[in-house]
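To start, the structure itself, in structure tokens.
The values are calculated or read from the model by the stated rules, or taken from the named source; none is laboratory data. Keep in mind it's a predicted model, so treat the numbers as computed, not measured. Reconstructed Cβ throughout: ideal geometry from the backbone, glycine too, with neighbour counts over all protein chains shown. Side chains are part of the model used for accessible areas, which takes the heavy atoms of the whole protein and leaves out ligands, DNA and RNA. Shrake-Rupley method; radii C 1.70, N 1.55, O 1.52, S 1.80 Å.
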Amino acid sequence: WWMQHQGQAVVSTQSTGEFSEYHFFDDVLSDMKLTPADIEIPVPRYFTQDNEKDIKDRMKLMAETLAKYRLDETGDKKEEIKMSLEEAIKIIQVHERARQGCLRAKFMREIRAQEERERMLSLQGAPTMDPDVASTIIQKVWKGYSQRNKTIKLREEELIFIGMQPNLDIPTNYKDSPVNKVAKREEERVLIQSQHEREYQDALVNIKEKIREAEGPDIKENMQDQIRQWFIETRDATGKFPDYPSDDEGGSASIFKTKEGVEGEEGTNGEGGKKKKGEKKEKKKKGKKKG
């Protein structure tokens, strides 16, 4: 539903011709009765943990760049205003008198408001109330207050009973608390994850080195034989040795591509020749049967 509403908002902005990289969702938030914090996209923790090294390097580069291109602090300072001691004292006195005047005016307003309230109370006279009515109001307020306290206490006891809230009356050690155990388990998980990542990267390097040492000479010899065979086949076909492909043409990789293409064509031609031979044999058999 949120995505549908968002799509309608985007369509409405595009229809009005407002194309901008910054979108203002004030109207949408007010219509849906949401706050900006509700649509804020949180950054996943694994993103910061997996890219911690890149983030630190980026922050370090930004700090070095700012330190390198920072303007001279002396050039940013404003020119100081020069004045005599008497002028400075006069300015301070003016501001202090203004502050005291504002406080005095506020105090006088409060005194006048208090006098006005006392005058109105004296004109109205002392309020009279039936003792039974007064006692009923007091009992009502007190019963409501005591019942609210009892309800809060019962709710807390229920949360403690189902394990949703710790019992503050019983002194507990923070080391044995579930919160501390969860935090420790999360730290151990992050350490194990980073250790496995290092082992995985080291294993990639080791496997690559083992393959290079064990199968590297055979692969190299096989590739040299294929390149040598390509030179010989090209000389037999054209009568001269070809030029070695340049880097722009792909180097030795282009030789293997051409060989693969030729082998594929030969394979298809071989299959076609076999089919033709089979068809001829079938025709000969049919002719003999008719004879």
Picked from the range 116-131 (must be open to solvent by 100 Å² or more (accessible area, probe 1.4 Å) and outside any loop (DSSP other than H, G, I, E, B)), the residue modelled with the lowest pLDDT is Q124
Which condition does I192 not pass, out of (1) β-branched (V, I, T); (2) under 30 Å from Y46 (Cβ atoms); (3) over 38 Å from the mean Cα position of the chain (by Cα), if it passes all the others?
(3)
Determine if the range 188-203 includes at least one residue that is part of a helix (DSSP H, G or I), hydroxyl-bearing (S, T, Y) and at pLDDT below 75.
no
So which helices (runs of 4 or more DSSP H) stay within the range 15-115 end to end and still have 1 or more residues that are at pLDDT 85 or above?
26-32, 52-68
Kindly indicate whether D225 is loosely packed, with under 10 Cβ neighbours inside 10 Å and among the acidic types (D, E).
no
From the list K208, K240, K175, which one is more than 30 Å from N51 (Cβ to Cβ), open to solvent by 100 Å² or more (accessible area, probe 1.4 Å) and assigned to a helix (DSSP H, G or I)?
K175
Checking I138 against (1) among the β-branched types (V, I, T); (2) surrounded by 11 or more Cβ atoms within 10 Å (Cβ to Cβ); (3) more than 47 Å from the chain's Cα centre (by Cα), only one condition comes out false. Which one?
(2)
Return yes when N149 is touching a Phe, Trp or Tyr at 6+ places or on another chain (Cβ under 6 Å) and either in a helix (DSSP H, G or I) or modelled with pLDDT of 90 or more (or both) and no when it is not.
no
